[in-house]
Every structure is written in C-alpha cells, then in structure tokens.
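This report concerns only the one structure given below.
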C-alpha cells in the first residue's frame with residue numbers, strides 16, 4: 001500500500017510538472033528525448049501496480065459491504081502462502097523493472113559520455129557566480145554572460161565549475177541537470193536538434209539573486225553562430241583576472257553581454273582556486289548590475 005501511495009505521488013508530480021510548462025516533456029535534443037522516454041516508461045511500470053491496487057481497493061470495499069451475505073468473514077485468519085506470494089511478487093517485479101530502466105539509463109545517459117555525432121563538439125566552459133552564468137568559448141576565444149549560443153545539430157561539451165557556492169546548471173528541454181562545485185570540474189554533453197531559444201536556469205537555491213539566475217540558450221544555424229562569434233570578437237571588453245574580479249561581485253538580473261577576448265587559462269585558474277572566489281550569499285547585499293554600458 002505504501003508503494004502504491006508513493007507511486008501515485010510520483011504520478012501527481014509528473015502531472016504538475018507538465019502543467020508548469022511541459023519543458024521536460026517537450027525535449028529538443030537527444031539527451032532530453034531519452035530522458036523523457038525513461039520517465040514515461042517508469043510511470044508505465046508504476047501504473048502496473050498502482051491501477052490494480054486502486055481497483056482492488058474499490059472491489060474489496062464493495063464485496064465486503066455489510067449487506068453482502070456471500071462475503072466470508074474469517075476472524076481467525078492468520079496466514080496464506082498464496083496471498084504472500086501475490087503481495088510480495090508484484091512489488092518485487094515492479095522494482096526489478098524500474099531498477100533495470102535506471103541502470104540502463106544511467107549508463108546510456110552518463111553526463112560525461114560524448115554524444116555520437118560526425119561533428120566535433122563545441123567546447124564551452126561554464127562558471128556559476130553570484131548570481132549569473134559565465135560561458136567561455138575556448139575554441140573561439142570569447143565569452144558571454146547569461147547567454148549561451150550554439151549551432152543546431154552539433155554536440156556541446158561543457159566543463160562546469162562554481163566560483164562561489166554550489167549550484168545546478170539545467171536546460172530543461174535539452175536535459176541532464178548537473179552540479180557546479182567550487183574547486184571541482186564536472187562534465188556534461190548536450191545537443192539541440194531544433195533551432196530556437198531555450199530557457200536555462202539555476203536549479204539550486206543560492207541566495208537573494210537565485211530567482212533571476214537564468215539565461216537564454218540560443219540554438220542557431222552554423223552561419224548565424226559564426227556571425228555571432230564575429231560580432232562578439234568585434235566589440236566588448238576583454239576578460240582577464242582583473243575584469244573577472246569585477247564580474248565576480250554579487251549582482252542580480254544581469255543582462256546578457258559578451259567579452260571579445262578571454263585569458264586562455266582563466267577557467268583553469270577559477271577551477272583550481274588560483275583565481276579569487278565569490279563571497280557567497282552570506283556576504284550581504286548585492287552590488288548593482290556589472291554588465292558594461294555603451295558610451296554615448
């Protein structure tokens with residue numbers, strides 16, 4: 001009975017999730033699509049025990065009603081091997097099927113496992129700060145804040161770390177949320193199969209600016225991606241240890257902007273602790289928006 005209740009709760013959570021925006025159930029990449037399949041398969045397996053349990057509850061209530069003279073009343077009943085077999089075998093089979101789904105999925109969708117593709121992945125180094133996202137493109141020598149741009153149909157290999165407290169990087173329609181941690185680098189591989197703007201977010205509460213710690217993931221054509229890179233290289237400030245120190249200051253609702261150049265070893269310096277670390281939410285009130293302003 002407890003298993004049935006937990007299964008109903010899981011199904012209810014799924015229905016609530018679909019009502020909140022249906023992003024997870026509307027995947028736009030191979031990882032998100034595979035995760036949706038696992039989710040629906042898990043619900044189907046759980047319904048195998050949930051639905052019969054609910055039906056049996058109504059059936060027993062109807063059969064053992066006070067007016068049914070055919071119902072057998074056994075006040076001295078203690079044990080039945082057949083009932084024990086039924087009671088235990090169904091949950092065991094359900095857990096076995098669910099365990100199989102999880103085991104297979106955890107290996108097929110290992111975040112660090114490269115995606116099968118004829119194209120070489122785009123490298124993106126991600127740093128979570130208070131309260132914004134820094135994306136460094138080492139192959140292009142540029143960086144952006146609160147905006148992630150990538151060509152459609154090409155894998156993206158992320159390396160992620162945190163400049164302050166632990167956080168969670170998540171693009172619901174592409175799948176696989178993953179933690180960012182100070183002094184540690186995690187790996188993630190995603191891909192967008194269709195052009196569009198996808199919502200990215202922090203999925204771990206990290207202080208006052210958490211609600212605005214989101215970004216746009218833009219999946220564009222290769223030509224548009226090349227144009228965006230060229231535009232980023234043509235304007236904006238350079239990102240080095242000194243300007244990174246300014247970016248590190250706490251700020252909320254930061255508008256997207258780009259850096260035309262990036263110090264090559266900056267991400268390694270952040271991940272290893274050689275660069276300054278963020279103060280964290282306990283430091284007090286945030287500073288104003290640090291995004292660069294155009295003169296004139």
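Among the residues of region 202-216, those that are closer than 18 Å to residue 280 by Cα, outside any loop (DSSP other than H, G, I, E, B) and touching a residue at least 24 places away in the same chain (Cβ under 8 Å) comprise 202, 210, 212, 214.
Can you work out which of the residues in region 263-296 that are at positive phi and modelled with pLDDT under 50 is farthest from the chain's Cα centre (by Cα)? The residue in question is 296.
Scanning region 218-251 for residues that are under 14 Å from residue 278 (Cβ atoms), under 26 Å from the mean Cα position of the chain (by Cα) and surrounded by fewer than 19 Cβ atoms within 10 Å (Cβ to Cβ) turns up just one, 249. Applying a threshold of 7 Å to beta carbon distances and a minimum spacing of six or more residues, or different chains, the list of pairs starting in region 53-76 at a residue that is touching a residue at least 40 places away in the same chain (Cβ under 8 Å) and ending at one that is part of a helix (DSSP H, G or I) and surrounded by 10 or more Cβ atoms within 10 Å (Cβ to Cβ) reads 53/4.
Each residue in region 217-239 was checked for being free of Cβ contacts under 8 Å to residues at least 40 places away in the same chain and touching a strand residue (DSSP E or B) at 6+ places or on another chain (Cβ under 6 Å), and 1 of them qualify. Does region 227-242 contain any residue that is at pLDDT below 95, more than 28 Å from residue 151 (Cα to Cα), touching a helix residue (DSSP H, G or I) at 6+ places or on another chain (Cβ under 8 Å) and assigned by TED's automatic domain parsing to the domain that holds residue 183? Yes: region 227-242 contains one or more residues that are at pLDDT below 95, more than 28 Å from residue 151 (Cα to Cα), touching a helix residue (DSSP H, G or I) at 6+ places or on another chain (Cβ under 8 Å) and assigned by TED's automatic domain parsing to the domain that holds residue 183.
Rundown of residues vs (1) within 13 Å of the chain's Cα centre (by Cα); (2) surrounded by 18 or more Cβ atoms within 10 Å (Cβ to Cβ); (3) outside the structural domain of residue 35 (by TED's automatic domain parsing), yes/no style:
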residue: 139; (1), (2), (3): no, no, yes
residue: 144; (1), (2), (3): no, yes, yes
residue: 161; (1), (2), (3): no, yes, yes
residue: 169; (1), (2), (3): yes, yes, yes
residue: 184; (1), (2), (3): no, no, yes
residue: 189; (1), (2), (3): yes, yes, yes
residue: 193; (1), (2), (3): no, no, yes
residue: 196; (1), (2), (3): no, no, yes
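The values are calculated or read from the model by the stated rules, or taken from the named source; none is laboratory data. Computed from a predicted model, the values in this text were never measured in an experiment. So basically every Cβ, Gly included, is an ideal-geometry build from the backbone, and we count neighbours across all protein chains shown.
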